[in-house]
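Asker: Take this structure first; my questions come after.
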Amino acid sequence: MISALFYLQFNSVKNRTVMRFKRLKQPKYLIGLVFGAIYFYFYFFRFLLMPRGRMGGASSMANAIPTDPIFYESIGALILFGIVLLAWVVPHQRAALAFTEAEVAFLFPAPVSRKSLIHFKLMRSQLAILFTVLFLTLLSNRFGGAGRGLIRAAGWWVILLTLNLHFLASSFALTRLMDRGLSNWKRRVAVLLLVALAVGGVVAWAVRSTPELTSGDLANVRSLSDYFDQVMVSGPLPYLLYPFRLVVKPYLAADWISFLNAIWPALLLMLAHYIWVIRADVAFEEASVEASKKLAEKVAAMRAGNRGALTKFKKKRAPFNLQPRGWPLIALLWKNLINAGGAFTARTWISIAVALIVMALALRGTMARSNWTMLVGMFTAMVGAWALLIGPQIVRQDFRQDLPNMDLLKGFPLRGWQVALGQILAPTIILTGVHWLLLVIAVACACAMPAGIMRIPPLLALAIGAGLAMVLPGLNLISLLIPNGAVLLFPAWFQTGKDAPTGIEATGQRIVFALGQFLAYGLSLIPAVAAFFGVFLLTQFFAGDAVAVIAASFATALVLLAEAGLGVMLLGSLFERFDLSKETAN
Amino acid sequence: MIEVAGLTKLYGDFVAVNELSFSVRPGEVVGLVGPNGAGKTTTLRCLAGIIPPTRGAIRVCGHDLAVDPIAAKKQLAFFTDEPRLFDYLTVWQHLNFVARIYGVENYESIGRTLLEELEIADKADNLPGELSRGMKQKLAIACGLLHSPKVIYFDEPLTGLDPLGIRRMKDSILKRARNGAAIIISSHLLHLLEEVCSHILILKNGRKVIDGTIAEIAQKFSQQSDASLEEVFFRATDEPPKVESGPIGK
């Protein structure tokens, strides 16, 4: 029977890998893979190949940390203990092994013993564990692995496999307790009481055996660190955490000899867990069937492009009353604002704006002499700039979200530009609202700054604020046109479901699109920038800086809105020509 | 009400629909049938203006779908086999949204009546995720009928409905036809089509095999005048003959 299950697992992995390689014939996957591979190499893999001592900052950081092995073992053991404690306290349902619906349909009615099913599950989880090991090894090597890549990898494998076995065993044990009538709350109280006893013992020892901490010690990081060090390496704590330390030791081995010394107790502990799992005779089938059904529903929803099924949607209040009369495209704005959440109502935004203005005016008198105004103002400006670039990637209540519902949108009696404008209005309004709020804070801080090198005259600060407020709606509109245009031009690259790219290809595709978007955004701003500087230089000579900024910003806003208008017409035309069935037919 | 002339849809070299011409008058219910891959869904999507045809002309209520798609789409409704809904809008918000899109001023009274007829009035504040598949279908129907369309397309309308829902759907189709709507139903359930359709259009490999009343096509493809639609369909599409039914083992 095990050979049949191994055959299933082996061929599933083999065929999936072959399919992913065949898929590389399509440019979208190949380009995604190339870019993703380059990114992963430069950010992770090259650190694996560098010898010790050549990793600059990361290596010097590693050298600065204390090197007492028992200290680190205790830290690692404490973390493991916390994770294991959660496995005994949190769960409230019967043990359920994660099988796919196909596995349930084939294996559960088949003459396969419960033990064989568990072996199959353990065998299947090895692949996920190996990938996680690879990822964690690359991560830990990236930040100071000091060249012990293979030892780290083996150490992670021991930790993850032992945890995996323990979670399984503990879920079986909890199910047995449930079957014997022990309620979840009684079990949690019992476990937490045991932990409290252990913690109490450690505290009692620390109070009796270690010098008392003075208030001076509490303010001194070195003293605190020494105290913590003493508690971690002596007294009862290392003994209480002994099994957890066994699991962590191989990871922390300094060389192969230490690793070989540390691995055999960890393997014995793993074996003990394995025997515990295999000997548990717990009925997990019913809960597993239920879990597989929920998993299948999620997978089906993903394949249909219905990401909403992965998150629980809550009823949200409408941002305003939608009347049946009026511009139909407002219905699209209304719909997308509902999707964005209850925070985006006019009442909420006005209340926040009023509160911020009052706060800024009140603080002006008190903060005028502190450096906080400069820090807050600069921080706000940086967040605003970041929101301008990254905001369109986060606020996606437009065509990107409605790609699965394109048929529905195309059936509406609306022109292409009406649908396009209606779809991107919601994210534009949201982003502009956020920017205006940040602008209010930044301008208030700028006006309140004490005299100094970086102080902007209040009149100029207000003029810059007003100018940015005029320009931001057009900027946001243009920045949203680009990803929405990309969705309509290259829908296959945005496809969800079984054809969606995963792993390295997905990362690579995102990098390609991000680069493309920044380039398109930059190019689109050239006319606006030219208009700004042209009008500014002309006006400044006659009317001064503040008036010149306002006049130039007004001109820039007009250019941006004109560009945005053209962009909306183009997007509308793309929408009208959009044919998703052509992509699936190809 | 629906006039189709030379409708052709190509995907590269693949011909999904080939020179399809037919018409549907007010009050007629046309059953669109054919084997899998015959081009039924592609035809309906072209007629609804969701995908553009490669060639050909489609007129809905006198409006050319290519020249004046807005006026044409205002008169029609398309019900797909899988209800397409917005996960974050409640039942009532869906109706509110559709009312604005189509300009249905008295949508509140019409909407309430529709929800009561479809027996989902108590679900008005629920999200689609909280509805069963049949209820989602009913919500999609309510949204489609809110603007009182004169032309209705159904793609497998009975999928997911319970027996009472099936009965109600059939009654609704007949009622709308009696009120003057032109209806096209695509379905594999030939006995359903026999009950509700006045005309049948058979497609195969993207081409029209025949269209006409059930009696007309029965006469053409069968020796018997009372031949079932199933028998006529198999003959028309050259499918294997029916296996004789009888007790197993004899």
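Rule-based calculations on the coordinates, nothing more; no lab input. If you're wondering where the values come from, they're calculated on a predicted model, not measured in any experiment. Using ideal geometry, Cβ is built from the backbone for each residue, glycine included, and neighbour counts are taken over all protein chains shown.
Asker: Does the protein assembly as shown classify as rounded, prolate or oblate by the C-alpha gyration tensor (a ≥ b ≥ c root eigenvalues; a/c under 1.5 gives rounded; else a/b over b/c gives prolate, otherwise oblate)? Write out the running numbers ahead of the final one.
Answerer: On the way: a/c = 2.16, a/b = 1.27, b/c = 1.69.
Here the protein assembly as shown falls in the oblate category.
Asker: Still on this structure, please answer the following. Calculate the mean, over all residues of peptide B:80-88, of how many other protein chain Cβ atoms lie within 10 angstrom of the residue's Cβ. Working shown, then result.
Answerer: Details: counts 3, 0, 2, 1, 9, 4, 10, 11, 14.
For peptide B:80-88, the averaged partner shielding equals 6.
Asker: When we measure straight from the Cα of A:K186, which lysines land under 28 angstrom away, once same-chain ones fewer than 8 places off are left out?
Answerer: Counting by Cα, and skipping residues close in sequence, A:K186 has no lysines nearby.
Asker: In terms of the Cα gyration tensor, with a ≥ b ≥ c the square roots of its eigenvalues, is the range B:56-198 rounded because a/c is under 1.5, prolate because a/b exceeds b/c, or oblate? Let's see the in-between values first.
Answerer: Numbers: a/c = 1.71, a/b = 1.12, b/c = 1.53.
Because a/c hits 1.5 or more and a/b fails to exceed b/c, the range B:56-198 counts as oblate.
Asker: Additional query: Take the alpha carbon atoms of the range B:14-61, find their center, do the same for the range A:223-244, and report the distance between the two centers in whole angstrom.
Answerer: One Cα centre to the other: 77 Å.
Asker: Taking the Cβ of each residue in A:M449, A:M569 as the centre, tally the other Cβ atoms inside 10 Å and list the residues starting with the fewest. Write down the numbers at each step before the final one.
Answerer: Values: A:M449 22, A:M569 15.
Starting with the residue having the fewest Cβ neighbours, the order is A:M569, A:M449.
Asker: Identify which of B:L65, B:L164, B:L115 has the largest mean-square fluctuation in a Gaussian network model of chain B, with springs joining Cα atoms closer than 10 Å.
Answerer: B:L164
Asker: Rank B:P163, B:P149, B:P53 by mean-square fluctuation in a GNM of chain B with C-alpha springs under 10 angstrom and give only the top-ranked residue.
Answerer: B:P163
Asker: For B:K73, go through the aspartates and glutamates and keep the ones whose alpha-carbon is under 12 Å away, minus same-chain ones fewer than eight residues off.
Answerer: Partners within reach: B:D64.
Asker: OK, next. By count of other Cβ within 10 Å, fewest leading, how are A:K298, A:K410 ordered? If you can, show how the numbers build up before the last one.
Answerer: Numbers: A:K298 13, A:K410 24.
Listed from fewest to most nearby Cβ atoms, that is A:K298, A:K410.
Asker: Counting each DSSP H run of 4 or more residues in chain B as -39500 (n - 2.57), what helix-only mean residue ellipticity at 222 nm follows after dividing by all residues, to the nearest 500 deg cm²/dmol? Provide the component values of the computation, followed by the final result.
Answerer: Details: 9 runs with 89 residues, N = 250.
That comes out to -10500 deg cm²/dmol.
Asker: How well do other chains shield peptide A:464-475, expressed as the mean number of their Cβ atoms within 10 Å of each residue Cβ? Please list the in-between numbers first.
Answerer: Numbers: counts 0, 0, 0, 0, 0, 0, 0, 0, 0, 0, 0, 0.
Neighbouring Cβ atoms belonging to other protein chains average 0 per residue here.
Asker: With just the Cα atoms defining each centre, how far is the range B:141-168 from the range A:404-469? Give it in Å.
Answerer: Distance between centres, Cα-based: 43 Å.
Asker: Label the range B:198-239 by shape, choosing from rounded, prolate and oblate, from the square roots a ≥ b ≥ c of the eigenvalues of the Cα gyration tensor; if a/c is under 1.5 it is rounded, and otherwise prolate applies when a/b is larger than b/c, oblate when it is not.
Answerer: Values: a/c = 2.28, a/b = 1.37, b/c = 1.66.
It comes out oblate by the Cα gyration axes.
Asker: In peptide A:404-410, how many Cβ atoms from other protein chains are near each Cβ within 10 Å, on average?
Answerer: On the way: counts 2, 4, 2, 8, 9, 3, 9.
What the average comes to for A:404-410 is 5.
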